[in-house]
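The structure appears right after this line, and notes come after that.
Please treat every number below as a calculation from the coordinates, not as lab data. Just so it is clear, the structure is predicted and the values come from calculations on it, not from any experiment. Here the Cβ is made from the backbone with ideal geometry for all residues, glycine too, and neighbour counts use every protein chain on show.
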Amino acid sequence: MKVVKTINEVKNIVNDWKKQGLSIGFIPTMGYLHEGHGSLIIKARENSKVVVSIFVNPMQFGPAEDLDKYPRDLEKDSKYCEELGVDLIFNPEPEEMYPEGFCTSVNMSVLSEELCGLSRPVHFTGVCTVVNKLLNIVNPDKAYFGEKDAQQLAIIRRMVKDLNMDVEIVGCPIIREEDGLAKSSRNTYLNSEERRAALVLSKSIFAGKKMVEEGCREVDVLLKKMKDIIEREPLARIDYLKVVDAMTMQQVNTIDRPVLVAMAVYLGNVRLIDNFSFIPE
C-alpha cells in the first residue's frame, strides 16, 4: 500500500492501473476511520484496486465549526487501510487541493436547501467541490458513500448525473455500535454522559421505522412520536427532525412515496445525524 500526497502521483498510479485494464474503487473520507468506513472499503474490494482519500476538507466547514479540532490520525488510518486491503491512500495538504488563486466551486440548489443545508449553509458547496475534484483526480469506476450521510449521498448522485460524470455512486448501509448509535468520527467528542444520552437518536429512529413499517403514513404523527423520545433526554437538543422526498430532499406531509426520515441532534456541543429510508408499497 502506498500513501501519496500529490495529485500527479495519484494520476500516474491510476493511469498505469487503467492501462492494465484494472477497475478502481474509491472511498473519499476525512479520516479518523472507523468500521463504517471499513464497510465501504470492504465493499469496494469488488474492484481490482481500492483508493481511499484522507482529507479534512476546509471548504465544507463554516467559520464556527470544528475544522481545527476535527480528529486526525493518519498513522492509525493507514494501518487500518492496509489491514483491509487498500492499495493507495491519497492524503493531500489543503494547498495541494486549493492552490493560491483557487476560485471555483460547485453549487447545487433544491437538494441542498433542506436538512443539513439549513444550519450549515456552506457545507454542501464544499462537499460538491471537493468530491468533484477527487473524482476527477482518481477517475474511479465506482465511488462508495455511507447512507448515514443520506442527504450528501443524494446530492452527489444528482451532481454526477447532472454533470455527466462517468462513475457509479454506490450507497452502503449505516454501521452502528452494539447499542445502536450510528458510527461517526464525531462520536469521539462525546463525554461519557453525552455518549449515553446520544442513544436517543437511534431509539427515535428505530421507533419511527417500526411505525411506518406497521402502516403509519401521517408525517405529523410519526414526527411527534420521534420528537417525544428525543426530548425526554435533557442533554439532547434537536437541530432538525423531518421527513423528505428521497429524491428531492423536500418536505412531505404524507408518506406516499420513497422518503428519508432524517435528524440532526446536539448533545452538548456535538452535532450527530441519523436517518432511515422507507419505500411504501
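Classified by the C-alpha gyration tensor, region 139-239 has an oblate form. Its axis ratio a/c, with a ≥ b ≥ c, is 1.5 or above, and a/b does not exceed b/c. Calculate how steeply helix 7-19 sits against the longest principal axis of the alpha-carbon atoms of the chain, using the helix alpha-carbon long axis, and give the answer as 0 to 90 degrees to the nearest 10. For helix 7-19, the angle is close to 80 degrees. Any chance you could check the Cα centroid distance between region 50-126 and region 137-211 for me, in angstrom? Going from one Cα centre to the other spans 15 Å.
Straight-line reach from residue 142: taking Cα to Cα under 19 Å and skipping same-chain neighbours fewer than 8 places apart, the lysines in range are 11, 18, 19, 43, 49, 133, 161.
Straight Cα distances below 20 angstrom link residue 69 to the aspartates and glutamates 77, 93, 95, 194, with same-chain residues fewer than 8 positions distant left out. Radius of gyration (Cα atoms) of the chain, expressed as a multiple of 2.2 N^0.38 Å: 1.02. Looking at the chain, the DSSP beta bridges with both ends there are about 50 percent antiparallel. Just 153, 22, 260 to compare: in a GNM of the chain, with alpha carbon springs under 10 Å, which one fluctuates most? Evaluated over the chain, the most mobile residue of the options is 22. Rounded to the nearest 20 debye, the dipole magnitude of the chain is 220 debye, with +1 charges on Lys and Arg beta carbons, -1 on Asp and Glu beta carbons, and the Cα centre as origin.
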